[in-house]
Structures are given as structure tokens and as C-alpha cells.
1. Run the dipole for the chain about the Cα centre, Lys and Arg Cβ at +1, Asp and Glu Cβ at -1, nothing else charged, and hand back the magnitude in debye, nearest 20.
2. Quick check of the Kirkwood formula: for the range 63-114, what is the inverse mean of 1/r over all pairs of different Cα atoms, in Å?
3. Between Glu223 and Asp87, how many nm apart are label points set 7 Å from Cα along the C-beta direction?
4. How much mean residue ellipticity at 222 nm does the chain get from its helices, if each DSSP H run of length 4 or more adds -39500 (n - 2.57) and you divide by all residues, to the nearest 500 deg cm²/dmol?
5. Using a Gaussian network for the chain with springs between C-alpha atoms less than 10 Å apart, which of these wobbles most: Arg190, Arg252, Arg168?
6. Residue by residue through the range 193-199, what is 3J(HN,Hα) from phi via Karplus (6.51 cos²θ - 1.76 cosθ + 1.60, θ = phi - 60°)? Round to whole Hz and write x for glycine and proline.
7. For the range 26-156, what does the alpha-carbon gyration tensor say about shape, rounded, prolate or oblate, given a ≥ b ≥ c as the root eigenvalues, a/c under 1.5 as rounded, and a/b over b/c as prolate?
8. Once neighbouring chains are kept in place and the probe is 1.4 Å, which whole percent of the accessible area of the chain is contributed by carbon and sulfur?
Amino acid sequence: MRTFTAAFATVCFMHSGMAWAEKATPNNVFQVTEQIVQELQALNAENFSKSRQLTVPKDPTKPRHVLFLIRDQWRKVQLLRYMNGLDTHSLPPETVHAVTPSEVKTQADRLLIEVQELRSAYGLSPSEIKVALPKGKTPTDVYGSLLRISAELDALGVPSTVPNDVYRVAASVVENLEVLAQQADVAVNRDAVPKSKGRTPADAYSAGLDLIEAMNGLAANVERYNVDGGIIAPAAVNGPKSPADVIVVLSRAQADAMALLNTAKAGKEVQSAPYEGGKTPSDVYDSIVYARLLIEALAS
């Protein structure tokens, strides 16, 4: 995919960030994500396509989870922009920090602009879509709105998430946990971890949930990793599992890995693994198993 570095630090975004620095709430973020949903619905209407029915989860969610799911939707929007002949833009790495609703809103604002610029490719005039500011919204509601965005993007023909995409997130989680392990002077011999064969996305999905549960145990029982608010593994979603389902779980794991890094004061930048081809669900599963072994080593 073609990638062009975006000049994000514009006066507009600087002013937006400052304006919302003290008062952005999940209500404000939800307002933006719902506008993105409606923008994508307009594209689908013009395209004579419609998104699938979606049941959004109600798992307790933190701003960090929302931020990392926005990053995955950014990836998908860039694919759609590329398909329609528009320039694509990369995101800078995240620094290790505690995420606030204000920065989540800034990132959602940027995603909205990326989506609105697609209107001309579908023969639509500049957007006049407005969404009223809601009340009583939580990060969980915003997270569900982002999953609706994902479904709308799928309906527009964005290439399906494949094991290579999932492996990159799994490898990124591993790299961040290795930073924690190095700080604690513990190690796991990865070469000694048995290689699996024939694993499915469902296996990787379950392993991802188990990994987050292990991270929860680490955060709850080892003082140096006591993440504010804790780490909660999401409930398993019923039905068949796809690579897209696995990447959502691993996005949460990546966010929680950053929370552990921040609490332990380990590392300055969230690690992001390079893209690799030829990966299978078994490769994803094995990376998650190794990640869990790292957590268990840290816990012991």
C-alpha cells in the first residue's frame, strides 16, 4: 500500500486539541464516531451496498482501547482511500502514556476528515451531515460505534483482514511485553515454545482472550503493574471467528500492554512490528502463546 506521511500537526488540529484539552468527554467522541458511521452509510447508499447486522459488545472499555481500535479503522480507511485513488496517510507511533478522551477525540476528528474526503470519489458533494451531542455515553459506547464503522468499511469492499494483518498486531504485543521482560530481567526461550499446526482464527481468538486474562492477573497481583482501573478481558463473542475478530481482541491486548508499560515506566514508545507476509492462524496463535508465557514469567 502506498503511504505518505501526513502533516497532522496543523493549526486546525492544534487549536482543536487545545480547545478540547479540558472538556472532551466520551459524549464528544461518540458524536464524531457516529458522524463517521453516517458518512460511510452515505457512501454505501451511493454504492448500492449495505453493512451486515452487528451486535456490539458491552464489555467495560477504557479510552486506550478506543484509541487503538481507531488506529485499526485508520488502517482500513487508508485501504479504501487507496482503492479510490486518494493519497494514503500513516499514523505516528504512540508514546507510552495514559490515554485521555481528549486525544481520542482528536484522533477521531482526523479519521472523520479522512472519510469525508472519500465523498468526491463516490460522486457526492461536500458533507452536510451533523450529529447532535448525545448524553450519558461511555467509552464502551464509542467502542461499539467504531465496530459499526468497521462493518460499514467492510460493506464498501475494503479487503478482508487476513492472518498477515493479525500477526502484525500479535507481534507488536509481543515486542511490547518483551520490553517489560527486559526491564524485569526475565526471559522466555521462544525457540523452545512448540510450533503449532492447523490452528484456526477461533483458536487464536480464545488464546487472545486468555492472554488478556493473564495480563489482568499480572496487573492485579504484582504492585509494579497495578494498572489504574485494572485490566478486564472482554467476553467471548458467539459464532464463527474470523481474522477480523482476532485483530479486535489483540487491539485490546496492545492497549493493555501500553498500560502495563506506562505503569511500570518501561519504554517511551509503543512498539509496532513490521508487516510480514505468508502468516497463518497458527503463526498468530504461537505468538499469542509466547506473549502469555512472557506475562507468566513477569508474574512469577
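The values are calculated or read from the model by the stated rules, or taken from the named source; none is laboratory data. Model, not experiment: these values are computed from the prediction. We place every Cβ from the backbone using ideal geometry, glycine too, and count neighbours over all the protein chains shown. SASA here: full protein model, heavy atoms, side chains in, ligands and nucleic acids out. Shrake-Rupley method; radii C 1.70, N 1.55, O 1.52, S 1.80 Å.
1. Values: 30 positive and 33 negative charges, 77 e Å.
The dipole magnitude comes to about 360 debye.
2. Numbers: mean 1/r = 0.0859 Å⁻¹.
The answer is 11.6 Å.
3. 5.2
4. Details: 9 runs with 169 residues, N = 300.
After summing the helix terms and dividing by residue count, I get -19000 deg cm²/dmol.
5. Greatest mean-square fluctuation among the candidates belongs to Arg190.
6. Karplus-based 3J(HN,Hα) across the range 193-199 equals 6, x, 7, 9, 9, x, 6 Hz.
7. Values: a/c = 1.71, a/b = 1.37, b/c = 1.26.
Prolate.
8. Numbers: 7410 of 14180 Å².
That share works out to 52 percent.
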